[in-house]
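Data first, discussion second: the structure below is written as structure tokens.
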């Protein structure tokens with residue numbers, strides 16, 4: 001349902017607090033109140049942190065950090081392997097709570113989603129009250145906490161949900177948005193990564209107010225198409241709708257190895273396993289793709305991607321593995337040490353028409369690395 005002209009949407013962004021770690025602490029009392037890291041083991045060459053409890057975050061541990069570094073920051077931290085099946089089950093229960101208020105839910109991952117409650121099912125009317133009720137239901141029924149951001153568009157709601165974590169609720173109303181965006185540091189703008197943030201700072205652009213001084217064509221000149229987005233968003237203008245049936249863009253599998261791969265035989269053997277996983281998932285979700293992308297991360301953490309596209313959609317193992325091997329060979333992997341390999345399939349076409357009630361997007365989020 002479209003929002004009538006001259007009225008504001010009511011958007012909520014829900015973000016679970018330290019989701020994987022919180023589920024582990026809920027299910028295992030011995031893990032409560034201690035620095036907990038969910039992710040790969042720091043033993044051997046070491047894995048990567050998926051998430052960390054708030055007790056661990058006090059030591060500077062963050063997601064995507066090498067587990068060995070996390071152990072150095074907090075030698076008494078406890079490490080546990082992720083249980084994705086458990087997290088997925090909890091995520092489904094969270095979405096059941098969302099569905100009590102609106103069908104306009106756009107999942108971003110297992111632990112966060114946008115909700116459009118402009119016209120809510122229970123005729124509550126207040127997005128703030130709905131956010132409070134959702135947070136309370138998650139706490140009462142699942143013994144977990146969530147943070148919520150409430151505003152008139154997706155961008156501001158997402159930023160708001162991160163302001164008072166954990167267990168926070170922040171509302172940024174229409175009249176406060178522009179002033180809020182002007183004060184916001186450029187690295188806090190979603191879509192601005194470390195490299196872009198550094199480039200902005202070198203240009204003397206440290207806050208939204210600084211960005212606002214540049215005309216749109218100047219932003220485009222320096223930042224490409226993203227410049228159009230920066231120009232609008234710093235003025236609080238985000239017209240993107242909540243998309244409950246958001247199309248899945250890619251399906252991927254990857255593996256970080258216990259020890260660096262140094263021979264072609266080792267690399268191809270691991271690629272074979274990854275390709276079979278991808279193939280199985282394509283079949284499970286009745287999908288075919290037209291593009292294979294190979295991801296390679298070296299021992300020095302340098303990362304590259306290579307891809308190849310076909311005119312006709314495919315879903316068979318032979319096409320996937322042969323393409324991945326060709327892409328790997330083109331990187332000249334001899335005498336290189338490889339830490340991680342990944343294969344993703346994108347540019348989808350379905351094997352056969354699906355019923356409208358099926359929503360593969362939600363399930364695939366588990367595998368979109």
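Nothing in this text is a laboratory measurement; each read-out follows from the coordinates by a stated rule. Model, not experiment: these values are computed from the prediction. Using ideal geometry, Cβ is built from the backbone for each residue, glycine included, and neighbour counts are taken over all protein chains shown.
Summary of values
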item	result
Base-10 log of normalised Debye intensity for the range 167-318 (one unit scatterer per alpha-carbon) at q = 0.10 Å⁻¹	-0.63
Value of relative contact order over the chain, rounded to a whole percent, pairs C-alpha under 8 Å and six or more apart	15 percent
Segment residue 305-residue 216, length gained on full extension (0.36 nm per residue, minus Cα span)	28.9 nm
Taking only Cα atoms of the range 176-233, radius of gyration then Dmax in Å	10.2, 29
Space enclosed by the convex hull of the alpha-carbon atoms of the range 1-172, per residue, Å³	112 Å³
Nitroxide proxy distance, nm - points 7 Å out along Cα→Cβ at residue 202 and residue 250	2.6 nm
Base-10 log of normalised Debye intensity for the chain (one unit scatterer per alpha-carbon) at q = 0.09 Å⁻¹	-0.62
Cα-based helix-to-principal-axis angle, 127-142 vs the chain, degrees rounded to 10	50 degrees
Tilt relative to the chain, helix 84-98 - C-alpha long axis, 0 to 90 degrees, to 10	20 degrees
Length-normalised contact order of the range 176-233 in % [C-alpha pairs under 8 Å, at least 6 apart]	28 percent
Fewest-first ranking of 116, 272, using other Cβ atoms within 10 Å as the exposure measure	272, 116
Segment residue 262-residue 27, length gained on full extension (0.36 nm per residue, minus Cα span)	80.6 nm
Distance between the range 245-291 and the range 143-165 - C-alpha centres, whole angstrom	33 Å
Neighbour-count ranking [beta-carbon atoms within 10 angstrom, fewest first] of 317, 189, 223	317, 223, 189
Helix axis angle, 264-284 relative to the chain longest principal axis, alpha carbon, degrees	50 degrees
Volume per residue that the Cα convex hull of the range 116-224 spans, once the total is divided by residue count, Å³	127 Å³
Cβ crowding within 10 Å averaged over residues, with 118-128, 303-313 ranked highest first	118-128, 303-313
